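Scroll down for the structure; my scribbles are underneath it.
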Amino acid sequence: MCSISASKSKDVLLKLVELNRYRGEESHSVSQFLYADDSIHLKSQTKSYGPLDLDLLDGNWDYCVVHQQAPTSKEVNNTDLATGRFIHPAEKDKSYLWHNGIIKEGKFEGDWDTEWLFDQALNEDLNEVDGTFACMMHHENQIYVFRNEISPLFKDSASFSSTKFEGSTPVVPNIMWKLDYGTGVLEEKWKFKTKENPYHFGE
């Protein structure tokens, strides 16, 4: 189990990080962004093992995404351990994906389900993804959020959390949303389907 916490406000982010600690603290990452010319640019990124040091949230930033992780991918060698390869976010060509959930074993290619899921998102091909996912994505200097019907992700303005928090509502599932940084409004980009929802009993 993992968690995503994100906000424009350090005070809000601190509350969300503490709220989500129970979901796993084996590793973590902190990604700080600056906002300029209608774009969100990565300022710094830290990945490490163990519980999050709250001092990593200090500094001048306009937006920050924190991922706390109880990994579902097995570390396979000392190089992976040394580099933290399986610590979120996954990276592709200066784009990033933070993932809470797990893709079913045998239903993805490669060593890490998050890397494979990233390809599916960039290719607008999430319909056949068999598992759970709630994600934030930084792509072309914009922030996107999406989830299927099974994984939780809650929103209040431009703040997001894997655990419900005061004033928040669930992000509507099965839609790729683009975040308007200034207003906190989500803009619909494209739709997809949840491959299999074991909790859906029909009408």
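The values are calculated or read from the model by the stated rules, or taken from the named source; none is laboratory data. In this text the structure is predicted, and so the values were computed from the model without any measurement. Note: ideal-geometry Cβ built from the backbone for every residue, glycine included; neighbour counts use all protein chains shown. Quick note on the areas: whole protein, heavy atoms, side chains included, nothing else; ligands and nucleic acids left out. Shrake-Rupley method; radii C 1.70, N 1.55, O 1.52, S 1.80 Å.
Quick look at the numbers
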{"read-out": "Any hit, the range 44-54, residues being of a type outside the set (Lys, Arg), open to solvent by less than 50 Å² (accessible area, probe 1.4 Å) and modelled with pLDDT of 95 or more", "value": "yes"}
{"read-out": "The range 157-169 - residue that is over 19 Å from residue 67 (Cβ atoms) and touching a residue at least 12 places away in the same chain (Cβ under 8 Å) and, of those, most open to solvent (accessible area, probe 1.4 Å)", "value": "169"}
{"read-out": "Filtered residue count, the range 98-111, keeping only those that are farther than 15 Å from residue 125 by Cα and open to solvent by less than 10 Å² (accessible area, probe 1.4 Å)", "value": "3"}
{"read-out": "Output for the range 113-130, where each listed residue is closer than 21 Å to residue 85 by Cβ, touching a residue at least 12 places away in the same chain (Cβ under 8 Å) and open to solvent by 10 Å² or more (accessible area, probe 1.4 Å)", "value": "115, 116, 119, 122"}
{"read-out": "Any pair with Cβ under 9 angstrom, 6 or more apart, that starts in the range 30-49 at a residue that is free of Cβ contacts under 8 Å to residues at least 40 places away in the same chain and over 19 Å from residue 16 (Cβ atoms) and ends at one that is open to solvent by 70 Å² or more (accessible area, probe 1.4 Å) and not in a strand (DSSP E or B)", "value": "34/60; 43/60; 49/26; 49/81"}
{"read-out": "Test: residue in the range 142-152 that is surrounded by fewer than 18 Cβ atoms within 10 Å (Cβ to Cβ) and touching a residue at least 60 places away in the same chain (Cβ under 8 Å)", "value": "yes"}
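Matching residues to (1) modelled with pLDDT under 95; (2) within 26 Å of residue 62 (Cα to Cα):
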position	(1), (2)
104	yes, no
111	yes, no
122	no, yes
127	no, no
138	no, yes
149	no, no
153	no, yes
